[in-house]
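Since the structure comes first, as structure tokens, the remarks are kept for the end.
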């Protein structure tokens with residue numbers, strides 16, 4: 001169930017961090033989990049899930065900082081808002097890496113390999 005949920009998040013471009021995986025596990029299990037539960041979950045599902053390090057904006061992203069790219073992004077964003085019927089009250093501010101505003105350290109993101 002959790003692997004499938006991570007897959008749906010991956011489809012939407014929302015890559016959870018280990019802390020989020022742990023919180024999802026808590027909701028499903030409805031009991032306290034061990035400290036390293038998320039690490040063990042990722043290891044158990046290594047064939048399906050893969051972690052990646054999300055760092056600050058790299059040189060390639062910086063070079064992609066063109067007006068046409070912004071136009072394409074917002075066009076895609078509008079299409080996804082319509083596709084998933086997202087109401088304005090359910091939209092939030094994000095930076096170029098997703099929900100990382102105020103986070104300056106590197107973080108490991110979890111996603112499904114097949115995506």
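Can you pull out the residues in region 45-92 that are surrounded by 10 or more Cβ atoms within 10 Å (Cβ to Cβ), modelled with pLDDT under 80 and either within 18 Å of residue 8 (Cβ to Cβ) or touching a strand residue (DSSP E or B) at 6+ places or on another chain (Cβ under 7 Å) (or both)?
Within region 45-92, 48, 49, 50, 51, 52, 54 meet the criteria.
Give the residues of region 26-44 that are touching a residue at least 12 places away in the same chain (Cβ under 8 Å) and surrounded by fewer than 18 Cβ atoms within 10 Å (Cβ to Cβ), sorted by residue number.
Residues of region 26-44 that are touching a residue at least 12 places away in the same chain (Cβ under 8 Å), as a first pass: 28, 37-39, 41-42.
Listed by number, the residues that qualify are 28, 37, 39.
The values are calculated or read from the model by the stated rules, or taken from the named source; none is laboratory data. Since we're looking at a predicted model, the values are computed, not measured. Virtual Cβ from ideal backbone geometry, glycine too; neighbours counted across all protein chains shown.
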